[in-house]
Amino acid sequence: MKKLSKEEVKATETIPKGYGSPVRKALLMLKVGEGLVIPRIEWQWKKQTPTVLCSRLNSRGKYEFECRWLADKSGWLVVRNK
């Protein structure tokens, strides 16, 4: 374990706790115009792609994500548009 000072706590980037995969949480933390590269190794859903997760988040209306393959098919690029 490591004890942190107040300044170190403020400087540490965190992801909120709650229900969801680390990828979902990282997507929700994106700001408009930012993107996230998801390597195939880190994607754990069997027989699914991040497109499924993006469409679920898009259907709620608060977020709008665009999911694309990387050119070498090694993963996906997800960009937040709204």
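Every read-out reported here was derived from the displayed coordinates using simple, explicitly stated rules and does not represent laboratory data. A quick note: this is a predicted structure, and the numbers were derived from the prediction, not measured. Glycine also receives a Cβ, built like all others from the backbone with ideal geometry; neighbour counts cover every protein chain displayed.
If neighbour count is taken as other Cβ atoms inside 10 Å, put Met29, Met1 in order from fewest to most.
Final ranking by Cβ density, sparse to dense: Met1, Met29.
At most 14 other C-beta atoms within 10 Å and a DSSP loop state: those are the exposed GluC sites (Glu not before Pro) I care about. Give me the longest piece of the chain that has none.
Looking at the chain, 35-63 is the longest stretch - no exposed GluC sites (Glu not before Pro) with at most 14 other Cβ atoms within 10 Å.
Would you calculate, for the chain, the mean residue ellipticity at 222 nm contributed by helices, counting each DSSP H stretch of 4 or more residues as -39,500 (n - 2.57) and dividing by all residues, to the nearest 500?
The helix-only estimate for the chain comes to -7500 deg cm²/dmol at 222 nm.
Could you list the chymotrypsin sites (Phe, Trp or Tyr not before Pro) in the chain that lie in coil according to DSSP, counting only those with at most 10 other Cβ atoms within 10 Å of their Cβ?
Tyr19
Would you list Val23, Val37 from fewest to most Cβ contacts within 10 Å?
Starting with the residue having the fewest Cβ neighbours, the order is Val37, Val23.
Which whole-number percent gives the relative contact order of region 31-82, counting Cα pairs below 8 Å spaced six or more residues apart?
47 percent.
Modelled label-to-label distance, Val37 and Glu8, 7 Å Cα→beta-carbon offset: nm?
With each label placed 7 Å out from Cα toward Cβ, I get 3.0 nm.
Helix 50-59 against the longest principal axis of the chain: what's the angle in degrees, Cα atoms only, rounded to the nearest 10?
80
On the first, second and third principal axes, largest extent first, how far apart are the outermost C-alpha atoms of the chain in Å?
Here the Cα extents, ordered largest to smallest, are 42, 29, 24 Å.
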